[in-house]
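Asker: Quick one: structure below, then a few questions.
Just so you know, all these numbers are worked out from the coordinates, no wet-lab data involved. Only a predicted model underlies this, so the values are computations on that prediction, with no experimental measurement involved. With ideal geometry, Cβ positions are generated from the backbone for all residues, glycine too; neighbour counts draw on all protein chains shown.
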Amino acid sequence: MGKVFVDLKKQVDYSYEITIGSGFVADVLKSFNTESDFFMVDDNVFSLYSGIMPKDRVYRFRADEHNKTHESVVAVLGFLFRGECRRDGRLILVGGGITGDVGGFVAATYMRGISFVQIPTTLLSMVDSSVGGKTGINFRGAKNNVGAFCQPKHVYIDMDFLKTLTDEEYLNGVAEVIKYGAVYDAEFLQYLCDNKDKVLARDTEVLDYVVTRCCALKAQVVKVDEKEQGERALLNFGHTFAHAIETDSHHVVKHGFAVATGMYLETDYAVKHKLAVPDALSEVGKVLRIYGFPLEYKIVDKDLFFTAMTADKKADRKGLTLAIAPAPGTGRIVKNISLQSVIEYFESI
């Protein structure tokens, strides 16, 4: 029997820069002026820059969880095909996390991969989803379970977008900011507590530090674990319960708010099962409370809620996987958690 060895040890450099500043996005958009540049733009921000981008190469996208589907992917693929986008094409994504997730997945699959650029417009997408190369869509009720790892060529973060957000959308991102402190940086978590009023007031200096710190932490993690085989999984703190909450509420509960509740409830579960010290719950609860996040969730449809949890991509045949924060600034991955123990936990609260 013959054998042939395929040597793929040589690494390709996928490194890229994250540019953070204020008031520069219009100039960035103007710089993408070749026939190979295509734009996918969130409807919420399209009117701000519609005069800058070529109308025949702009796809307007209504970004909500109900459009995070394979139908949307097919629609954007069709837009690129009709526009005669080639393999040297570039897709510029302007919007929040949903726009980036869907558009990034399109870029990863169109002609087996074209380059793309992220221009995040929400706090959540600035500190989390635009960095690290996770792309994907929801499929058959499960969150982000179809997708690919594909790194952008550049991320441009214009802090002026934060002035345009509603209070609800802004807080939606604050939850992901808190997550970084909870699992990676206790000093940063304390900073968020000490500077709560300035964070909520969207103080420019404080926000510059917060966004830069989150991006730096994410970059460090992605450097050592790009495809979530180890340490990067800690960034899923709160997400196992959160995805079930989002599905059960039919996405009435926004992702960040679901993550906030998920962080608290997953910590409570961990404490009750001796996976974390009792003080862990009070520490996580303290920072979530001062920002006004809900710490409880009443399940609407138990079958839907727990089915969504078992469909979570982090689960396997041996059970659920939770990322927990057993102490401020430290994270731990716990595998093989039985669904029954989680059901019993929710029945007890």
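Asker: Cα gyration tensor of region 158-223, axes a ≥ b ≥ c as square roots of the eigenvalues: rounded (a/c below 1.5), prolate (a/b > b/c) or oblate?
Answerer: Since a/c reaches 1.5 and a/b is larger than b/c, the shape of region 158-223 is classed as prolate.
Asker: If one computes P(r) from the Cα atoms of region 17-164, what percent of pairs lie at distances over 23 Å?
Answerer: Numbers: 2846 of 10878 pairs.
In whole percent, the long-distance tail amounts to 26.
Asker: Related question: Would you please calculate the Kirkwood hydrodynamic radius of the chain over all C-alpha pairs and express it in Å, rounded to one decimal?
Answerer: Result for the chain, one decimal place: 20.9 Å.
Asker: By how many nm would the segment from LYS335 to LYS198 grow when fully extended, if each residue of separation counts as 0.36 nm and the alpha-carbon distance is taken off?
Answerer: 45.5 nm
Asker: How much length would be gained if the chain were fully extended between LYS274 and ASP301, taking 0.36 nm per residue of separation minus their Cα-Cα distance, in nm to one decimal?
Answerer: 6.9 nm
Asker: Report the residue, chosen from VAL106, VAL334, VAL210, that carries the largest GNM mean-square fluctuation when the chain is represented by alpha-carbon nodes joined by springs under 10 Å.
Answerer: VAL334
Asker: From the helices alone, meaning DSSP H stretches of at least four residues, give me the mean residue ellipticity at 222 nm for the chain, per-run term -39500 (n - 2.57), in deg cm²/dmol to the nearest 500.
Answerer: On the way: 13 runs with 152 residues, N = 349.
Estimated from H runs of four or more residues: -13500 deg cm²/dmol.
Asker: Non-local amide H neighbours of GLU35 (under 5 Å, H modeled in plane, Pro and chain starts lacking H): which ones?
Answerer: Amide H to amide H, under 5 Å and 5 or more residues apart or across chains, GLU35 pairs with nothing.
Asker: Counting Lys and Arg as +1 and Asp and Glu as -1, what is the net charge of the other residues whose Cβ lies under 13 Å from the Cβ of ALA280?
Answerer: Values: positive: LYS272, LYS274, LYS286, ARG332; negative: GLU266, ASP268, ASP279, GLU283.
Every neighbour counted, the sum reads 0.
Asker: Now, a different point. Give me the net charge of THR19's neighbourhood, meaning all other residues with Cβ under 14 Å from the Cβ of THR19; Lys, Arg count +1, Asp, Glu -1.
Answerer: Working: positive: LYS153; negative: GLU17, ASP27, ASP158, ASP160, ASP208.
Every neighbour counted, the sum reads -4.
Asker: Can you give the charge dipole size of region 113-197 about its Cα centre, rounded to the nearest 20 debye, using +1 on the beta carbon of Lys and Arg and -1 on the beta carbon of Asp and Glu?
Answerer: Working: 7 positive and 11 negative charges, 121 e Å.
Roughly 580 debye for region 113-197.
Asker: Beyond 28 Å between alpha-carbons counts as too far, so tell me which of LYS30/LYS227; LYS223/LYS313; LYS254/LYS274 fall in that bin.
Answerer: Correct reply: LYS30/LYS227; LYS254/LYS274.
Asker: For region 1-75, what is the convex hull (Cα atoms) projected area averaged across all directions, in square nanometres?
Answerer: Values: hull surface 40.0 nm².
Averaged projected area of region 1-75's Cα convex hull equals 10.0 nm².
Asker: With the cut-off at 1.5 for a/c, could you classify region 206-349 from its C-alpha gyration tensor as rounded, prolate or oblate?
Answerer: rounded
Asker: Next up: Could you tell me the center-to-center distance, by alpha carbons, between region 1-50 and region 283-341 in angstrom?
Answerer: 33
Asker: Counting other Cβ atoms within 10 Å of each Cβ, which GluC sites (Glu not before Pro) in region 157-231 have at most 15 and sit in a DSSP loop?
Answerer: GLU226
Asker: For the pair VAL252 and LEU8, what calculated FRET efficiency results from E = 1/(1 + (r/R0)^6), where r is the Cβ-Cβ distance and R0 = 45 Å, to the nearest 0.05?
Answerer: Approximately 0.50, to the nearest 0.05.
Asker: Grab the beta carbon distance between GLU17 and MET111, set R0 = 22 Å, and tell me the FRET efficiency rounded to 0.05.
Answerer: The calculated FRET efficiency here is 0.35.
Asker: Need the full-extension length gain, PHE139 to ARG82, defined as separation in residues times 0.36 nm minus the C-alpha distance. One decimal, nm. Working shown, then result.
Answerer: Numbers: separation 57, 0.36 × 57 = 20.52 nm, distance 2.57 nm.
Answer, rounded to one decimal: 18.0 nm.
Asker: While we're looking at this one, here's another question. Hey, got the Cα dimensions of region 105-242 along the principal axes, in Å, largest first?
Answerer: Answer, in whole Å and largest first: 47, 30, 30 Å.
Asker: Taking θ as phi - 60°, what are the ³J(HN,Hα) couplings along region 149-162 by the Karplus curve (6.51, -1.76, 1.60), each to the nearest whole Hz, with x for Gly and Pro?
Answerer: Once rounded to whole Hz, the list reads 8, 8, 7, x, 7, 6, 10, 10, 10, 9, 5, 4, 4, 5.
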